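> Pasting a structure below so you can have a look.
The values are calculated or read from the model by the stated rules, or taken from the named source; none is laboratory data. This one's a predicted model, so the numbers in the text were calculated from it and none came from an experiment. In this analysis, Cβ positions are derived from the backbone assuming ideal geometry, glycine residues included, and neighbour counts consider all displayed protein chains. With ligands, DNA and RNA removed, areas are computed over all heavy atoms of the protein, side chains included. Shrake-Rupley method; radii C 1.70, N 1.55, O 1.52, S 1.80 Å.
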Amino acid sequence: MAPNSPSLDKTSDAAMSRRNFLRGSAAVGGLTALAASLSPLRELHDFTNTDQFLQKYYKELTPDDMAKVLKRIESEVEKNYGVRPHVRDLKPMDGVEFVYCLNLTRCIGCRKCVHACVNENNQSRSPEIQYIRVLKLPHGSMDVEKADQNYAPASVPEKGFFYMPVQCQQCKNPPCVKVCPVHATWQEKDGITVIDYDWCIGCRYCEAACPYFARRFNFTKPEIPKDRLNTNMAYLGNRPRKQGVMEKCHFCIQRTRAGRYPACLEVCPVGARKFGNILDPNSEVSYILREKRVFIQLKEEMGTSPRFFYYFDK
Amino acid sequence: MNYSPPSAPNEKAARTNLMLVGIAVGFLVFAALFTKNLWGRVEPRKEIPLVDKKFLETTPWRKTYADFVKAKDKDALEDYDCYGCHEKNKAPPIRYDKAGKILIPKEHSDIVMGHGSHDRNNLCFNCHNEQNLTTLQVRDGREVKFDNIPPLCGSCHGPTYRDWEAGAHGRISGSWNHANEADFTRLSCANCHNPHAPKIPTREPAPGPHLLRANPETHATEATH
(Lines give C-alpha, C1' and ligand atoms only; values in the text may rest on other atoms or scores of the structure.)
Protein backbone atom coordinates (compact mmCIF):
# COMPACT_ATOMS: atom_id res chain seq x y z
CA MET A 1 0.00 0.00 0.00
CA ALA A 2 2.65 2.44 1.11
CA PRO A 3 4.30 2.96 -2.28
CA ASN A 4 0.94 3.63 -3.92
CA SER A 5 0.11 6.88 -2.10
CA PRO A 6 2.81 9.13 -3.53
CA SER A 7 2.09 7.96 -7.06
CA LEU A 8 -1.65 8.69 -6.52
CA ASP A 9 -0.81 12.27 -5.57
CA LYS A 10 1.23 12.54 -8.67
CA THR A 11 -1.62 11.59 -10.97
CA SER A 12 -3.93 14.04 -9.16
CA ASP A 13 -1.53 16.86 -9.84
CA ALA A 14 -1.59 15.98 -13.48
CA ALA A 15 -5.36 16.34 -13.81
CA MET A 16 -7.57 17.42 -10.91
CA SER A 17 -7.93 16.04 -7.45
CA ARG A 18 -11.30 14.86 -6.23
CA ARG A 19 -11.09 17.48 -3.48
CA ASN A 20 -10.57 20.35 -5.91
CA PHE A 21 -13.36 19.12 -8.12
CA LEU A 22 -15.78 19.01 -5.19
CA ARG A 23 -14.62 22.43 -4.06
CA GLY A 24 -15.25 23.90 -7.50
CA SER A 25 -18.69 22.36 -7.89
CA ALA A 26 -19.71 23.40 -4.44
CA ALA A 27 -18.63 26.97 -5.13
CA VAL A 28 -20.59 27.16 -8.39
CA GLY A 29 -23.60 25.46 -6.78
CA GLY A 30 -23.49 27.80 -3.85
CA LEU A 31 -23.38 30.85 -6.08
CA THR A 32 -26.31 29.56 -8.12
CA ALA A 33 -28.34 28.93 -4.98
CA LEU A 34 -27.49 32.41 -3.71
CA ALA A 35 -28.55 33.97 -6.99
CA ALA A 36 -31.79 31.99 -6.98
CA SER A 37 -32.56 32.93 -3.40
CA LEU A 38 -31.99 36.61 -4.13
CA SER A 39 -34.13 36.53 -7.26
CA PRO A 40 -37.31 37.76 -5.43
CA LEU A 41 -35.46 41.05 -4.96
CA ARG A 42 -35.94 41.63 -8.67
CA GLU A 43 -39.63 42.15 -7.95
CA LEU A 44 -38.96 44.79 -5.33
CA HIS A 45 -40.12 47.96 -7.04
CA ASP A 46 -41.26 50.01 -4.09
CA PHE A 47 -38.06 50.25 -2.18
CA THR A 48 -37.60 53.90 -2.89
CA ASN A 49 -35.28 55.50 -0.44
CA THR A 50 -33.53 55.30 2.89
CA ASP A 51 -35.99 57.76 4.48
CA GLN A 52 -38.68 55.16 4.23
CA PHE A 53 -36.37 52.40 5.37
CA LEU A 54 -35.28 54.36 8.44
CA GLN A 55 -38.74 55.70 9.23
CA LYS A 56 -39.77 55.35 12.87
CA TYR A 57 -42.84 53.61 14.27
CA TYR A 58 -46.05 55.61 13.71
CA LYS A 59 -46.66 56.22 17.40
CA GLU A 60 -43.10 57.51 17.89
CA LEU A 61 -43.24 60.03 15.07
CA THR A 62 -43.16 63.66 16.16
CA PRO A 63 -45.35 66.14 14.24
CA ASP A 64 -42.22 67.29 12.41
CA ASP A 65 -41.33 63.72 11.44
CA MET A 66 -44.90 63.18 10.30
CA ALA A 67 -44.83 66.29 8.11
CA LYS A 68 -41.70 64.93 6.42
CA VAL A 69 -43.25 61.49 5.98
CA LEU A 70 -46.38 62.97 4.42
CA LYS A 71 -44.20 65.04 2.06
CA ARG A 72 -42.32 61.89 1.05
CA ILE A 73 -45.56 60.01 0.38
CA GLU A 74 -46.93 62.90 -1.65
CA SER A 75 -43.86 63.06 -3.85
CA GLU A 76 -43.83 59.28 -4.28
CA VAL A 77 -47.45 59.26 -5.37
CA GLU A 78 -46.76 62.18 -7.72
CA LYS A 79 -43.85 60.25 -9.22
CA ASN A 80 -45.89 57.07 -9.71
CA TYR A 81 -49.27 58.48 -10.72
CA GLY A 82 -48.55 61.97 -12.03
CA VAL A 83 -50.93 63.71 -9.62
CA ARG A 84 -50.10 65.48 -6.39
CA PRO A 85 -52.29 63.98 -3.67
CA HIS A 86 -53.42 65.55 -0.42
CA VAL A 87 -52.16 63.21 2.30
CA ARG A 88 -53.16 63.87 5.89
CA ASP A 89 -52.56 62.21 9.21
CA LEU A 90 -56.03 62.41 10.73
CA LYS A 91 -56.25 61.72 14.45
CA PRO A 92 -59.30 60.27 16.23
CA MET A 93 -61.77 62.84 17.53
CA ASP A 94 -62.68 63.21 21.18
CA GLY A 95 -66.03 61.80 22.26
CA VAL A 96 -66.44 59.83 19.05
CA GLU A 97 -66.73 56.08 18.67
CA PHE A 98 -67.78 54.84 15.27
CA VAL A 99 -70.35 52.12 14.76
CA TYR A 100 -71.77 50.69 11.56
CA CYS A 101 -75.26 49.24 11.17
CA LEU A 102 -76.46 47.35 8.12
CA ASN A 103 -80.10 46.72 7.35
CA LEU A 104 -80.43 43.18 5.98
CA THR A 105 -84.07 43.78 5.05
CA ARG A 106 -83.06 46.57 2.68
CA CYS A 107 -79.85 45.28 1.09
CA ILE A 108 -80.51 44.16 -2.48
CA GLY A 109 -77.02 42.80 -3.16
CA CYS A 110 -76.17 45.25 -5.97
CA ARG A 111 -72.47 45.39 -4.94
CA LYS A 112 -72.25 49.13 -5.54
CA CYS A 113 -70.65 49.47 -2.09
CA VAL A 114 -67.89 47.06 -3.10
CA HIS A 115 -66.82 49.17 -6.04
CA ALA A 116 -67.34 52.54 -4.36
CA CYS A 117 -64.97 51.25 -1.68
CA VAL A 118 -62.36 50.15 -4.22
CA ASN A 119 -62.60 53.54 -5.90
CA GLU A 120 -62.40 55.53 -2.67
CA ASN A 121 -59.62 53.55 -1.05
CA ASN A 122 -57.25 53.07 -3.98
CA GLN A 123 -57.34 49.30 -3.93
CA SER A 124 -55.52 47.26 -6.55
CA ARG A 125 -57.67 46.60 -9.62
CA SER A 126 -55.55 43.75 -10.96
CA PRO A 127 -55.19 41.52 -9.05
CA GLU A 128 -58.39 42.62 -7.47
CA ILE A 129 -58.50 43.64 -3.83
CA GLN A 130 -61.93 44.33 -2.35
CA TYR A 131 -62.70 45.01 1.29
CA ILE A 132 -66.39 44.15 1.05
CA ARG A 133 -67.76 40.73 0.17
CA VAL A 134 -71.48 40.51 -0.46
CA LEU A 135 -72.74 37.08 0.57
CA LYS A 136 -75.94 35.71 -0.92
CA LEU A 137 -77.80 33.54 1.58
CA PRO A 138 -81.06 31.60 1.28
CA HIS A 139 -83.95 32.96 3.31
CA GLY A 140 -84.32 31.43 6.72
CA SER A 141 -80.63 30.67 7.12
CA MET A 142 -77.71 32.47 8.71
CA ASP A 143 -75.29 29.74 7.73
CA VAL A 144 -72.38 31.45 6.01
CA GLU A 145 -71.24 28.03 4.79
CA LYS A 146 -74.18 28.20 2.38
CA ALA A 147 -73.23 31.65 1.19
CA ASP A 148 -72.34 32.50 -2.39
CA GLN A 149 -70.30 35.59 -3.19
CA ASN A 150 -70.01 35.00 -6.95
CA TYR A 151 -73.68 35.34 -7.84
CA ALA A 152 -74.23 36.97 -11.23
CA PRO A 153 -77.92 37.09 -12.15
CA ALA A 154 -79.34 39.60 -14.64
CA SER A 155 -80.96 41.51 -11.81
CA VAL A 156 -80.99 41.58 -8.03
CA PRO A 157 -82.50 40.92 -5.54
CA GLU A 158 -83.35 37.32 -6.39
CA LYS A 159 -86.44 35.69 -4.93
CA GLY A 160 -85.76 33.55 -1.87
CA PHE A 161 -82.41 35.08 -0.97
CA PHE A 162 -81.04 37.88 1.14
CA TYR A 163 -77.68 39.58 0.92
CA MET A 164 -75.16 40.19 3.66
CA PRO A 165 -72.19 42.43 2.92
CA VAL A 166 -69.21 41.55 5.11
CA GLN A 167 -66.23 43.81 5.69
CA CYS A 168 -63.93 44.62 8.60
CA GLN A 169 -66.09 44.51 11.72
CA GLN A 170 -63.84 46.90 13.67
CA CYS A 171 -63.94 44.57 16.68
CA LYS A 172 -63.71 45.85 20.22
CA ASN A 173 -61.56 42.80 20.92
CA PRO A 174 -59.66 42.40 17.65
CA PRO A 175 -57.79 39.11 17.17
CA CYS A 176 -55.78 40.61 14.30
CA VAL A 177 -54.19 43.16 16.61
CA LYS A 178 -53.22 40.49 19.14
CA VAL A 179 -51.30 38.38 16.64
CA CYS A 180 -49.31 41.13 14.94
CA PRO A 181 -45.69 40.49 15.87
CA VAL A 182 -44.56 44.05 15.11
CA HIS A 183 -47.56 46.09 16.34
CA ALA A 184 -48.16 47.36 12.83
CA THR A 185 -51.91 47.20 13.43
CA TRP A 186 -53.76 48.59 16.43
CA GLN A 187 -57.09 49.90 17.59
CA GLU A 188 -57.53 53.66 17.81
CA LYS A 189 -59.74 55.27 20.41
CA ASP A 190 -62.54 55.99 17.95
CA GLY A 191 -62.82 52.25 17.41
CA ILE A 192 -61.07 51.97 14.05
CA THR A 193 -58.41 49.28 13.75
CA VAL A 194 -55.70 50.75 11.55
CA ILE A 195 -52.58 49.48 9.79
CA ASP A 196 -49.28 51.30 9.35
CA TYR A 197 -48.38 50.13 5.85
CA ASP A 198 -44.79 51.24 6.39
CA TRP A 199 -44.42 49.07 9.48
CA CYS A 200 -46.19 45.91 8.26
CA ILE A 201 -43.83 43.05 7.49
CA GLY A 202 -46.42 41.06 5.52
CA CYS A 203 -46.44 37.93 7.69
CA ARG A 204 -50.23 37.61 7.21
CA TYR A 205 -50.82 36.41 10.78
CA CYS A 206 -53.65 38.94 11.05
CA GLU A 207 -55.30 37.56 7.92
CA ALA A 208 -55.30 34.11 9.50
CA ALA A 209 -56.55 35.43 12.85
CA CYS A 210 -59.51 37.36 11.43
CA PRO A 211 -62.72 35.29 11.61
CA TYR A 212 -64.37 37.51 8.98
CA PHE A 213 -61.74 37.27 6.22
CA ALA A 214 -61.61 41.04 6.28
CA ARG A 215 -57.90 41.48 5.67
CA ARG A 216 -56.30 41.48 2.26
CA PHE A 217 -52.70 40.96 1.24
CA ASN A 218 -50.89 42.69 -1.60
CA PHE A 219 -49.31 39.71 -3.31
CA THR A 220 -48.11 41.94 -6.14
CA LYS A 221 -47.55 45.61 -6.68
CA PRO A 222 -51.05 47.12 -6.59
CA GLU A 223 -52.34 48.36 -9.93
CA ILE A 224 -54.40 51.53 -9.81
CA PRO A 225 -55.30 53.36 -13.04
CA LYS A 226 -54.04 56.95 -12.89
CA ASP A 227 -57.42 58.43 -13.72
CA ARG A 228 -59.12 56.55 -10.91
CA LEU A 229 -56.72 57.49 -8.14
CA ASN A 230 -58.43 59.16 -5.19
CA THR A 231 -56.14 62.01 -4.18
CA ASN A 232 -57.80 62.69 -0.83
CA MET A 233 -55.57 60.42 1.24
CA ALA A 234 -54.78 59.59 4.84
CA TYR A 235 -51.63 58.02 6.22
CA LEU A 236 -53.53 55.26 8.01
CA GLY A 237 -56.15 55.13 5.30
CA ASN A 238 -56.17 54.99 1.53
CA ARG A 239 -52.67 56.08 0.51
CA PRO A 240 -51.34 53.63 -2.10
CA ARG A 241 -49.96 50.47 -0.55
CA LYS A 242 -46.93 48.57 -1.70
CA GLN A 243 -46.35 44.93 -2.45
CA GLY A 244 -46.19 42.66 0.59
CA VAL A 245 -48.36 44.54 3.07
CA MET A 246 -51.80 43.94 4.52
CA GLU A 247 -54.78 46.23 4.09
CA LYS A 248 -58.43 46.26 5.07
CA CYS A 249 -61.50 48.44 5.61
CA HIS A 250 -60.77 51.38 7.90
CA PHE A 251 -64.24 52.98 7.83
CA CYS A 252 -62.84 55.40 5.20
CA ILE A 253 -60.66 57.16 7.76
CA GLN A 254 -59.87 59.96 5.30
CA ARG A 255 -63.59 60.77 5.14
CA THR A 256 -65.02 59.82 8.52
CA ARG A 257 -62.37 61.59 10.60
CA ALA A 258 -63.11 64.67 8.54
CA GLY A 259 -66.79 64.35 9.44
CA ARG A 260 -68.07 62.66 6.30
CA TYR A 261 -69.88 59.37 5.78
CA PRO A 262 -67.93 56.38 4.39
CA ALA A 263 -68.04 55.85 0.62
CA CYS A 264 -69.98 52.57 0.85
CA LEU A 265 -72.81 54.36 2.66
CA GLU A 266 -72.95 57.28 0.23
CA VAL A 267 -73.38 54.96 -2.74
CA CYS A 268 -75.98 52.60 -1.25
CA PRO A 269 -79.11 52.95 -3.43
CA VAL A 270 -81.48 51.58 -0.77
CA GLY A 271 -80.13 53.21 2.38
CA ALA A 272 -79.24 49.89 3.98
CA ARG A 273 -75.99 51.23 5.44
CA LYS A 274 -75.93 53.38 8.54
CA PHE A 275 -72.91 54.92 10.18
CA GLY A 276 -72.35 57.27 13.05
CA ASN A 277 -71.14 58.10 16.51
CA ILE A 278 -72.47 55.67 19.11
CA LEU A 279 -71.57 58.09 21.92
CA ASP A 280 -74.06 60.60 20.49
CA PRO A 281 -77.55 59.50 21.66
CA ASN A 282 -79.16 61.37 18.75
CA SER A 283 -77.18 59.66 16.00
CA GLU A 284 -78.95 57.23 13.70
CA VAL A 285 -76.82 54.31 14.91
CA SER A 286 -77.83 55.02 18.52
CA TYR A 287 -81.47 55.06 17.40
CA ILE A 288 -81.05 51.77 15.53
CA LEU A 289 -79.36 49.96 18.40
CA ARG A 290 -82.03 51.28 20.76
CA GLU A 291 -85.15 50.79 18.67
CA LYS A 292 -84.57 48.28 15.89
CA ARG A 293 -84.36 44.53 15.81
CA VAL A 294 -80.58 44.32 15.84
CA PHE A 295 -80.16 40.68 15.08
CA ILE A 296 -76.49 39.88 15.07
CA GLN A 297 -72.96 40.75 15.46
CA LEU A 298 -71.49 38.33 12.99
CA LYS A 299 -69.88 35.29 14.70
CA GLU A 300 -70.81 36.71 18.07
CA GLU A 301 -69.60 33.52 19.76
CA MET A 302 -66.01 34.41 18.83
CA GLY A 303 -66.00 37.09 21.50
CA THR A 304 -64.63 39.67 19.09
CA SER A 305 -67.46 42.10 19.87
CA PRO A 306 -67.74 43.81 16.48
CA ARG A 307 -68.72 47.44 16.04
CA PHE A 308 -70.61 46.32 12.94
CA PHE A 309 -74.26 45.40 13.55
CA TYR A 310 -76.75 43.71 11.26
CA TYR A 311 -80.41 44.50 11.78
CA PHE A 312 -83.84 43.90 10.32
CA ASP A 313 -86.76 46.21 9.65
CA LYS A 314 -89.63 43.81 10.08
CA MET B 1 -2.28 -3.94 -6.41
CA ASN B 2 -4.16 -3.70 -9.68
CA TYR B 3 -3.24 -0.05 -9.87
CA SER B 4 -1.18 0.89 -12.87
CA PRO B 5 0.42 4.27 -13.42
CA PRO B 6 -1.49 6.42 -15.97
CA SER B 7 -0.34 5.73 -19.44
CA ALA B 8 -1.50 9.05 -20.88
CA PRO B 9 -1.79 11.80 -18.20
CA ASN B 10 -2.64 14.48 -20.78
CA GLU B 11 -5.59 12.54 -22.07
CA LYS B 12 -7.01 12.17 -18.57
CA ALA B 13 -6.52 15.88 -17.81
CA ALA B 14 -8.39 16.78 -21.00
CA ARG B 15 -11.28 14.52 -19.99
CA THR B 16 -11.43 16.17 -16.57
CA ASN B 17 -11.44 19.64 -18.09
CA LEU B 18 -14.22 18.64 -20.45
CA MET B 19 -16.28 17.44 -17.52
CA LEU B 20 -15.66 20.65 -15.63
CA VAL B 21 -16.73 22.73 -18.60
CA GLY B 22 -19.84 20.56 -18.90
CA ILE B 23 -20.78 21.14 -15.28
CA ALA B 24 -20.14 24.86 -15.56
CA VAL B 25 -22.27 25.14 -18.69
CA GLY B 26 -25.01 23.17 -16.93
CA PHE B 27 -24.98 25.59 -14.05
CA LEU B 28 -25.08 28.56 -16.38
CA VAL B 29 -28.07 27.12 -18.20
CA PHE B 30 -29.87 26.68 -14.89
CA ALA B 31 -28.95 30.20 -13.90
CA ALA B 32 -30.34 31.51 -17.18
CA LEU B 33 -33.55 29.56 -16.63
CA PHE B 34 -33.91 31.05 -13.17
CA THR B 35 -33.28 34.60 -14.23
CA LYS B 36 -35.55 34.42 -17.26
CA ASN B 37 -38.25 32.76 -15.14
CA LEU B 38 -38.59 30.04 -17.76
CA TRP B 39 -38.62 27.46 -15.04
CA GLY B 40 -42.08 26.89 -13.62
CA ARG B 41 -43.30 30.13 -15.19
CA VAL B 42 -46.70 31.08 -13.83
CA GLU B 43 -49.60 31.70 -16.15
CA PRO B 44 -50.00 35.43 -16.81
CA ARG B 45 -52.88 37.05 -14.96
CA LYS B 46 -56.07 37.70 -16.85
CA GLU B 47 -56.97 41.30 -17.53
CA ILE B 48 -59.71 42.45 -15.19
CA PRO B 49 -61.91 45.07 -16.85
CA LEU B 50 -62.44 48.26 -14.85
CA VAL B 51 -65.87 48.52 -13.31
CA ASP B 52 -68.41 50.63 -15.20
CA LYS B 53 -68.61 54.13 -13.70
CA LYS B 54 -72.40 53.85 -13.46
CA PHE B 55 -71.88 51.61 -10.43
CA LEU B 56 -69.96 54.40 -8.68
CA GLU B 57 -72.81 56.87 -9.09
CA THR B 58 -73.99 58.23 -5.73
CA THR B 59 -76.93 60.31 -6.92
CA PRO B 60 -80.28 58.61 -6.30
CA TRP B 61 -82.02 57.04 -9.28
CA ARG B 62 -85.07 59.33 -9.04
CA LYS B 63 -85.44 63.08 -8.93
CA THR B 64 -88.11 64.84 -6.93
CA TYR B 65 -89.96 68.08 -7.52
CA ALA B 66 -87.63 69.76 -5.04
CA ASP B 67 -84.62 68.62 -7.12
CA PHE B 68 -86.17 70.04 -10.28
CA VAL B 69 -86.78 73.37 -8.57
CA LYS B 70 -83.23 73.43 -7.28
CA ALA B 71 -81.80 72.57 -10.70
CA LYS B 72 -84.25 74.99 -12.42
CA ASP B 73 -85.15 72.18 -14.83
CA LYS B 74 -87.88 73.92 -16.88
CA ASP B 75 -88.81 70.86 -18.96
CA ALA B 76 -89.39 68.74 -15.89
CA LEU B 77 -91.22 71.49 -14.03
CA GLU B 78 -93.67 71.79 -16.93
CA ASP B 79 -95.14 68.47 -15.80
CA TYR B 80 -96.13 70.12 -12.55
CA ASP B 81 -98.01 72.92 -14.27
CA CYS B 82 -101.33 71.09 -13.87
CA TYR B 83 -103.54 73.98 -14.92
CA GLY B 84 -101.79 74.24 -18.24
CA CYS B 85 -104.23 71.47 -19.28
CA HIS B 86 -106.69 70.97 -16.43
CA GLU B 87 -109.51 73.31 -15.73
CA LYS B 88 -109.37 75.22 -12.46
CA ASN B 89 -111.94 74.59 -9.70
CA LYS B 90 -113.10 71.38 -11.35
CA ALA B 91 -111.98 68.01 -10.05
CA PRO B 92 -110.84 65.86 -12.99
CA PRO B 93 -112.92 62.71 -13.42
CA ILE B 94 -111.47 59.29 -12.70
CA ARG B 95 -112.68 56.39 -14.80
CA TYR B 96 -112.64 52.69 -13.97
CA ASP B 97 -113.14 49.59 -16.06
CA LYS B 98 -115.75 46.90 -15.25
CA ALA B 99 -113.38 45.08 -12.90
CA GLY B 100 -112.87 48.29 -10.93
CA LYS B 101 -109.38 48.88 -12.27
CA ILE B 102 -108.42 52.50 -12.84
CA LEU B 103 -108.11 53.67 -16.44
CA ILE B 104 -105.09 55.91 -16.87
CA PRO B 105 -105.80 58.73 -19.37
CA LYS B 106 -103.35 58.81 -22.26
CA GLU B 107 -101.97 62.19 -21.16
CA HIS B 108 -100.68 60.44 -18.05
CA SER B 109 -99.66 57.17 -19.70
CA ASP B 110 -96.25 57.29 -18.00
CA ILE B 111 -97.94 56.56 -14.68
CA VAL B 112 -97.90 52.91 -13.60
CA MET B 113 -100.33 52.28 -10.79
CA GLY B 114 -98.72 49.95 -8.28
CA HIS B 115 -99.11 51.51 -4.88
CA GLY B 116 -100.44 48.86 -2.54
CA SER B 117 -101.43 45.32 -3.40
CA HIS B 118 -104.56 44.13 -5.25
CA ASP B 119 -105.12 47.53 -6.93
CA ARG B 120 -106.87 48.72 -3.80
CA ASN B 121 -105.14 52.08 -3.71
CA ASN B 122 -106.64 53.31 -6.97
CA LEU B 123 -108.05 56.72 -6.14
CA CYS B 124 -105.81 59.58 -7.30
CA PHE B 125 -107.25 61.90 -4.68
CA ASN B 126 -105.97 59.73 -1.85
CA CYS B 127 -102.85 61.84 -2.26
CA HIS B 128 -103.54 64.45 -4.95
CA ASN B 129 -105.67 67.42 -4.00
CA GLU B 130 -108.70 67.59 -6.28
CA GLN B 131 -109.34 71.21 -5.19
CA ASN B 132 -105.84 72.32 -6.20
CA LEU B 133 -103.90 69.89 -8.38
CA THR B 134 -100.59 71.66 -7.76
CA THR B 135 -100.63 70.40 -4.17
CA LEU B 136 -101.20 67.11 -2.42
CA GLN B 137 -103.46 66.32 0.50
CA VAL B 138 -103.45 64.11 3.53
CA ARG B 139 -106.69 62.27 4.24
CA ASP B 140 -107.35 64.50 7.22
CA GLY B 141 -107.51 67.48 4.87
CA ARG B 142 -104.06 68.96 5.44
CA GLU B 143 -102.55 70.38 2.26
CA VAL B 144 -98.99 69.21 1.43
CA LYS B 145 -96.64 70.88 -1.03
CA PHE B 146 -94.88 68.83 -3.73
CA ASP B 147 -91.46 69.78 -2.37
CA ASN B 148 -92.10 68.28 1.07
CA ILE B 149 -93.92 64.99 0.74
CA PRO B 150 -92.66 62.91 3.70
CA PRO B 151 -95.50 64.01 6.03
CA LEU B 152 -98.00 62.84 3.39
CA CYS B 153 -96.32 59.42 3.00
CA GLY B 154 -95.93 59.28 6.77
CA SER B 155 -99.66 59.73 7.28
CA CYS B 156 -100.07 56.08 6.26
CA HIS B 157 -96.53 54.72 6.81
CA GLY B 158 -96.09 55.87 10.39
CA PRO B 159 -93.28 53.60 11.62
CA THR B 160 -91.31 54.14 8.41
CA TYR B 161 -91.75 57.91 8.76
CA ARG B 162 -90.51 57.70 12.35
CA ASP B 163 -87.44 55.72 11.18
CA TRP B 164 -86.86 58.19 8.36
CA GLU B 165 -86.92 61.13 10.74
CA ALA B 166 -84.42 59.37 13.00
CA GLY B 167 -82.20 58.58 10.00
CA ALA B 168 -82.70 54.81 10.10
CA HIS B 169 -84.78 54.67 6.90
CA GLY B 170 -83.59 56.24 3.68
CA ARG B 171 -80.22 57.81 3.20
CA ILE B 172 -78.45 60.81 4.68
CA SER B 173 -75.44 62.13 2.80
CA GLY B 174 -72.64 64.44 3.81
CA SER B 175 -71.65 64.54 7.45
CA TRP B 176 -72.41 61.95 10.11
CA ASN B 177 -72.34 64.80 12.60
CA HIS B 178 -75.84 66.26 12.48
CA ALA B 179 -75.09 69.22 14.74
CA ASN B 180 -75.12 71.55 11.76
CA GLU B 181 -78.05 71.30 9.30
CA ALA B 182 -75.96 72.63 6.44
CA ASP B 183 -73.51 69.71 6.63
CA PHE B 184 -75.85 66.95 5.54
CA THR B 185 -78.73 66.25 3.20
CA ARG B 186 -81.55 63.80 3.67
CA LEU B 187 -83.08 62.05 0.68
CA SER B 188 -86.82 62.40 0.33
CA CYS B 189 -89.24 59.48 -0.13
CA ALA B 190 -89.60 60.05 -3.87
CA ASN B 191 -85.82 60.01 -4.39
CA CYS B 192 -85.96 56.22 -4.06
CA HIS B 193 -89.65 55.32 -4.35
CA ASN B 194 -91.90 56.06 -7.28
CA PRO B 195 -95.03 57.30 -5.43
CA HIS B 196 -97.28 55.56 -7.98
CA ALA B 197 -95.35 52.27 -7.69
CA PRO B 198 -93.16 52.47 -4.59
CA LYS B 199 -91.61 49.03 -4.66
CA ILE B 200 -87.97 49.53 -5.63
CA PRO B 201 -87.39 47.77 -8.98
CA THR B 202 -84.72 45.11 -9.32
CA ARG B 203 -81.45 46.16 -10.89
CA GLU B 204 -78.32 44.81 -12.52
CA PRO B 205 -75.69 43.89 -9.94
CA ALA B 206 -72.15 45.19 -10.25
CA PRO B 207 -69.60 42.51 -11.27
CA GLY B 208 -68.57 40.02 -8.61
CA PRO B 209 -65.05 39.29 -7.45
CA HIS B 210 -62.51 38.05 -10.00
CA LEU B 211 -60.54 35.29 -8.39
CA LEU B 212 -56.85 35.24 -9.08
CA ARG B 213 -56.27 32.89 -12.04
CA ALA B 214 -59.75 31.52 -11.63
CA ASN B 215 -61.10 29.17 -14.23
CA PRO B 216 -64.15 30.96 -15.68
CA GLU B 217 -66.04 27.67 -16.00
CA THR B 218 -65.72 26.76 -12.36
CA HIS B 219 -65.81 30.37 -11.23
CA ALA B 220 -69.56 30.54 -10.77
CA THR B 221 -69.66 27.48 -8.56
CA GLU B 222 -66.53 28.38 -6.59
CA ALA B 223 -66.99 28.22 -2.84
CA THR B 224 -66.99 31.29 -0.63
CA HIS B 225 -63.30 31.35 0.01
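> Which one of B:Phe34, B:Phe30 is modelled with pLDDT under 75, within 7 Å of chain A (Cβ to nearest Cβ) and assigned to a helix (DSSP H, G or I)?
B:Phe34
> Looking at A:Arg72, is it more than 10 Å from chain B (Cβ to nearest Cβ) and either in contact (Cβ under 8 Å) with a residue 12 or more places away in the chain or under 20 Å from B:Gly167 (Cβ atoms) (or both)?
Taking the combined requirement at face value, the residue satisfies it.
> Among all residue pairs at least 6 apart or on different chains, which show Cβ distances below 6 Å where the first residue, located in the range A:148-175, is free of Cβ contacts under 8 Å to residues at least 60 places away in the same chain and at the interface with chain B (Cβ under 7 Å from one of its Cβ atoms) and the second is aliphatic (A, V, I, L, M) and surrounded by 20 or more Cβ atoms within 10 Å (Cβ to Cβ)?
A:Val156/A:Ile108; A:Pro157/A:Ile108
> Also: Looking only at the range A:131-147, decide whether some residue is within 12 Å of chain B (Cβ to nearest Cβ), among the charged types (D, E, K, R) and on the phi > 0 side of the Ramachandran plot.
The answer is no; no qualifying residue exists.
> Given the criterion within 19 Å of the chain's Cα centre (by Cα), surrounded by 15 or more Cβ atoms within 10 Å (Cβ to Cβ) and either among the small types (Gly, Ala, Ser) or modelled with pLDDT under 95 (or both), identify the matching residue among A:Arg255, A:Arg241.
On inspection, the qualifying residue turns out to be A:Arg241.
> Would you please list the contacts, defined by Cβ atoms under 7 Å and residues six or more apart or on different chains, that run from a residue in the range A:272-292 that is touching a residue at least 24 places away in the same chain (Cβ under 8 Å) and open to solvent by 10 Å² or more (accessible area, probe 1.4 Å) to a residue that is in a loop (DSSP other than H, G, I, E, B) and aromatic (Phe, Trp, Tyr)?
Once the first residue is touching a residue at least 24 places away in the same chain (Cβ under 8 Å) and open to solvent by 10 Å² or more (accessible area, probe 1.4 Å) and sits in the range A:272-292, its partners that are in a loop (DSSP other than H, G, I, E, B) and aromatic (Phe, Trp, Tyr) give A:Asn277/B:Trp176.
> Can you confirm whether the range A:112-124 contains a residue that is more than 17 Å from A:Cys249 (Cα to Cα) and open to solvent by 40 Å² or more (accessible area, probe 1.4 Å)?
The answer is no, given that none of the residues of the range A:112-124 is more than 17 Å from A:Cys249 (Cα to Cα) and open to solvent by 40 Å² or more (accessible area, probe 1.4 Å).
> Condition test on B:Gly174, is it in a loop (DSSP other than H, G, I, E, B) and open to solvent by less than 30 Å² (accessible area, probe 1.4 Å)?
no
> Would you call A:Tyr131 buried (at least 21 other Cβ atoms within 10 Å of the Cβ) and part of a loop (DSSP other than H, G, I, E, B)?
Here the answer is yes, as A:Tyr131 does meet what is asked.
> A:Pro92: part of a loop (DSSP other than H, G, I, E, B) and free of Cβ contacts under 8 Å to residues at least 12 places away in the same chain, yes or no?
no
> Also, I was wondering about something else. Of all residues in the range B:177-198, which are more than 9 Å from chain A (Cβ to nearest Cβ), in contact (Cβ under 8 Å) with a residue 40 or more places away in the chain and either open to solvent by 20 Å² or more (accessible area, probe 1.4 Å) or on the phi > 0 side of the Ramachandran plot (or both)?
B:Ser188, B:Cys189, B:His193, B:Asn194, B:Pro195, B:His196, B:Ala197, B:Pro198
> Looking only at helices (runs of 4 or more DSSP H) that fall completely inside the range A:1-62, which ones have 1 or more residues that are within 25 Å of B:Ala13 (Cα to Cα) and at pLDDT below 65?
A:4-14
> Determine, yes or no, whether A:Arg204 is more than 11 Å from chain B (Cβ to nearest Cβ), open to solvent by less than 10 Å² (accessible area, probe 1.4 Å) and among the basic types (Lys, Arg).
It is false that A:Arg204 is more than 11 Å from chain B (Cβ to nearest Cβ), open to solvent by less than 10 Å² (accessible area, probe 1.4 Å) and among the basic types (Lys, Arg).
> For residues that are at the interface with another protein chain (Cβ under 7 Å from one of its Cβ atoms) and within 23 Å of the chain's Cα centre (by Cα), tally how many sit in the range A:260-294.
Count: 8.
> State which residue pairs qualify: first residue among the charged types (D, E, K, R) and inside the range A:182-200, second residue open to solvent by 10 Å² or more (accessible area, probe 1.4 Å) in any location, beta carbons under 6 Å apart, and separation of 6 or more residues or different chains.
Partner pairs satisfying both residue conditions: A:Glu188/A:Pro92; A:Lys189/A:Pro92; A:Asp190/A:Pro92; A:Asp190/A:Val96; A:Asp190/A:Glu97; A:Asp196/A:Tyr58; A:Asp198/A:Gln55.
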